[in-house]
2 protein chains.
Amino acid sequence: MTAAAGQFTIGEAARASGVKVPTIRYYEEIGLLPSPPRTEGGRRSYGGEDLRRLAFIRHARELGFEIEAIRTLLRLQDEPDQSCAAADAIARDHLVAVERRIASLTALRAELARMVEGCSHGHVSECRVIEILADHGECRHHHGGRLDAAGGL
Amino acid sequence: MTAAAGQFTIGEAARASGVKVPTIRYYEEIGLLPSPPRTEGGRRSYGGEDLRRLAFIRHARELGFEIEAIRTLLRLQDEPDQSCAAADAIARDHLVAVERRIASLTALRAELARMVEGCSHGHVSECRVIEILADHGECRHHHGGRLDAAGGL
DNA sequence: CCTAATTCCTCCAGCGACTAGAGGAGCAAG
DNA sequence: CTTGCTCCTCTAGTCGCTGGAGGAATTAGG
């Protein structure tokens, strides 16, 4: 460790924040994280403020905020005299989106549960799972849009 | 209409199934939907079986099944004498994933609700929303992975 | 001081599941 | 015959990363 106190390598920043190294570089590339100074050898050298920013980003991503929303939130954070109405609006919008998502996933769960329960574990020709998928009319699930299958956690 | 009865253009297939035209071509490209015969002029001509397959795919996508899972389900559907254990397993796995997702979104909703409620609508410097995002320690949300913000419906 | 292991650098490609646009051909109706 | 719609192919872009190649720099051990 030749570096000054309070300076961190990208690897240390990654371990401290829980954001992977390539992701940190990606955040820099898209301008979400400022380009840090470099050491003589050309390596990124982060300070405490950068780590805080990174933690902020990580937490916001965990909460499902999009990069563009986070960009706005970070700008707001940098200007503490401004009204926080904008931050409030972003959070509120997101809350509404999350609620819609929960509602649709709950409907989905019900349909999947019915599929699985109805399955008699015999042949495909009499399988509820296949049957319900083949015939939308048979289910109570009406027309949400698409859901991502896997998604986070 | 010069085409034989029971034959449909890609546009008609799209309207009938609710899958967009470019998406149908995409499904063909990735081998999810068989390449249909073409008319003299080179246009795709779909039959009733294709429409049924497309409806199956659409429904499964609405239910959040991934393309690869759908590919497996379609193969199963084509062999009605096989055991449906595989289909059952896919649906069960997906149900578990959906349940996990609901649980994490519910935790998320709670945190977002606390953020929004705590906001005093004053300046950014004392905004709960910004504050909670900046300090993970302040919240009860512990370490799920990432969630997609928008996603389906 | 030398070496080996680790970490870092840049650049480019790929994921999933589409979506959008360019540029052109076919085809049905007026 | 022209208008306007649909269709064709092909390419590139979306979002938020993730991974690999190929090489330089640093660190730890001997």
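Please report the base-10 log of the normalised intensity I(q)/I(0) for the range B:10-77, using a Debye sum with one equal scatterer per alpha carbon and no solvent, at each q in 0.23, 0.25, 0.28 (1/Å).
The Debye formula, applied to the Cα set alone, gives -1.02, -1.19, -1.46.
Work out the mean other chain Cβ neighbour count within 10 Å for the residues of B:49-55 and drop it here as an integer.
1
Taking the label point 7 Å from Cα in the Cβ direction, how far apart in nm is A:Arg25 from each other copy of itself, listed shortest first?
Result for A:Arg25, in nm, nearest copy first: 3.6.
Could you give me the ³J(HN,Hα) list for the range B:79-95, computed from phi with Karplus coefficients 6.51, -1.76, 1.60 and θ = phi - 60°, whole Hz, x at Gly and Pro?
10, x, 8, 6, 5, 8, 4, 5, 4, 4, 5, 4, 5, 5, 4, 5, 4
If you wrap a convex hull around the Cα atoms of the range A:85-138, how much volume per residue is inside, in Å³? Provide the component values of the computation, followed by the final result.
Numbers: hull volume 4.4 nm³, N = 54.
Each residue corresponds to 81 Å³ of Cα convex hull volume.
Per-residue Cβ counts within 10 Å, from other chains only, averaged over B:115-125: what number is that?
5
Classify the range B:1-121: rounded, prolate or oblate, from the alpha-carbon gyration tensor (a ≥ b ≥ c, eigenvalue square roots; a/c under 1.5 rounded; otherwise prolate if a/b is larger than b/c)?
oblate
If you take each beta carbon of peptide A:89-98 and count the beta carbons of other chains within 10 angstrom, what is the mean? Before the final figure, lay out the partial values.
Values: counts 2, 2, 12, 6, 0, 7, 7, 1, 5, 10.
The mean count of partner-chain Cβ atoms within 10 Å per residue comes to 5.
Can you compute 3J(HN,Hα) from phi for each residue in the range B:25-42, using the Karplus curve 6.51 cos²θ - 1.76 cosθ + 1.60 with θ = phi - 60°, rounded to whole Hz and x for Gly and Pro?
5, 5, 4, 5, 4, 8, x, 8, 10, x, 5, x, x, 10, 6, 3, x, x
Could you tell me how far the Cα centroid of the range B:12-48 sits from the Cα centroid of the range B:83-117, in Å?
That distance is 33 Å.
Just so you know, all these numbers are worked out from the coordinates, no wet-lab data involved. Keep in mind that what you see is a predicted model, and the values were worked out from it rather than measured. Positions of Cβ are backbone-derived with ideal geometry, glycine not excepted, and every protein chain shown enters the neighbour counts.
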